[in-house]
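To keep things clear, I will list the structure first and then write my remarks on it.
The values are calculated or read from the model by the stated rules, or taken from the named source; none is laboratory data. Everything numeric here is computed off the predicted structure, so don't read it as measured data. All Cβ positions, even for glycine, are placed from backbone atoms using ideal geometry, and neighbour counts span all protein chains on display. Each accessible area value is taken on the protein alone, full model and side chains, heavy atoms only, with ligands, DNA and RNA left out. Shrake-Rupley method; radii C 1.70, N 1.55, O 1.52, S 1.80 Å.
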Amino acid sequence: MLTGIEGLMGWLGAATGLEFGFMQRAALGCVLLALGAAPVGVFLMLRRMSLMGDAMSHAILPGAAIGYWLAGLSLPAMTAGGIVGGLVVAAAAGVVARHTVIREDAALATFYLTSLALGVLILSVRGTQIDLLHVLFGSVLALEASVLGLLAAVAALTLVGLAVLWRPLVMECVDPAFLRGVSRWGAAAHHGFLALVVINLVAAFHALGTLMAVAMMVLPAAAARFWFRRLQPLLVAAVLMAAVLSLLGLWLSYRTDWPTSPTIVLLLGAWYGVSMLVGPYGWWRQQHVPQRHLKG
């Protein structure tokens with residue numbers, strides 16, 4: 001895998017003009033994040049669960065913090081801790097929603113706020129302020145080969161998982177009640193999709209930090225929705241937007257000496273604003289172009 005990663009780094013360096021190794025690693029990390037996180041973000045948006053991605057990005061923090069506490073800056077320990085923490089919060093919110101009067105969104109908000117506070121407390125007691133900033137805001141310019149391997153594995157697992165769960169996921173976006181009535185795949189699709197959300201957030205957390213990881217999911221998907229209605233073009237557009245704007249943000253931050261993760265997220269947000277205004281299904285067209293009506 002390391003040989004393949006080095007080959008991709010060289011190709012990206014030639015294609016983008018990034019001559020330094022750390023920039024090439026950052027560029028490859030951004031592309032791998034786009035391949036995994038953007039399609040997951042499209043389904044989050046279609047399932048009206050975009051804010052859940054933000055909640056889950058905070059829920060992984062205590063697990064990653066415990067992994068850091070036990071093993072230091074160990075990629076396997078922090079990754080395993082983040083995945084376990086995110087899955088525990090998602091499962092706990094589901095149990096509360098099924099067995100009490102509290103709905104899942106309120107239960108998730110309660111658990112993620114508590115998890116965020118716990119994670120910050122653990123890092124503050126165990127580490128230093130630099131450690132906390134590293135976890136919260138990421139270090140995309142300091143990606144190592146091991147992190148790139150993790151990002152590649154998560155991207156591949158995500159694409160395979162979405163392919164396997166494609167039909168029930170699409171049906172659940174359209175009519176979840178119908179899916180539960182005609183198929184046993186409803187629960188498997190729901191929990192499998194949540195697992196994909198968690199592992200992508202954990203992978204993105206290593207590059208962009210927990211506070212900004214969810215932006216790679218939500219913003220490209222939301223921007224692509226102003227350009228396309230059909231699902232397949234929507235998925236492709238979200239991936240391309242995430243990859244291109246991440247690379248542009250990486251280049252801009254390097255040239256201007258701005259923080260990399262905020263620059264990438266701000267570019268994604270700016271493109272969302274442009275798409276909202278001038279996209280085929282954006283504000284300007286809705287306000288100024290007459291809508292077609294079916295004739296009887």
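A few notes on this one:
- Checking A155, A163, A189, A90 one by one, the residue that is at pLDDT 85 or above, buried (at least 18 other Cβ atoms within 10 Å of the Cβ) and under 22 Å from V42 (Cα atoms) is A155 and no other.
- Hits in region 160-179 (condition: out of contact with any helix residue (DSSP H, G or I) (no Cβ under 6 Å at 6 or more places or on another chain), more than 17 Å from P39 (Cβ to Cβ) and not β-branched (V, I, T)): D175, P176, A177, F178
- Set side by side, the residues L35, L46 differ, and just one is at pLDDT 75 or above and within 26 Å of L108 (Cα to Cα), which is L46.
- Unmet requirement for Y281, which otherwise passes all of (1) open to solvent by 20 Å² or more (accessible area, probe 1.4 Å); (2) over 30 Å from I66 (Cβ atoms); (3) assigned to a helix (DSSP H, G or I): (3)
- Contact annotation: residue pairs with Cβ atoms under 8 Å, 6 or more positions apart or on different chains, pairing a residue in region 252-268 that is within 18 Å of A204 (Cα to Cα) with a partner that is among the hydrophobic types (A, V, I, L, M, F, W, C) and in a loop (DSSP other than H, G, I, E, B), are S261/M212; P262/M212; I264/M212; V265/M212.
- Of everything listed in (1) surrounded by fewer than 24 Cβ atoms within 10 Å (Cβ to Cβ); (2) within 24 Å of T158 (Cα to Cα); (3) modelled with pLDDT of 85 or more, the single unmet condition for L211 is (3).
- Among the residues of region 67-94, those identified as within 18 Å of L118 (Cβ to Cβ) and of a type outside the set (A, V, I, L, M) are G67, Y68, W69, G81, G82, G85, G86.
- Once region 40-78 is narrowed to residues that are within 13 Å of the chain's Cα centre (by Cα) and more than 17 Å from M212 (Cβ to Cβ), the residue that is surrounded by the fewest Cβ atoms within 10 Å (Cβ to Cβ) is M49.
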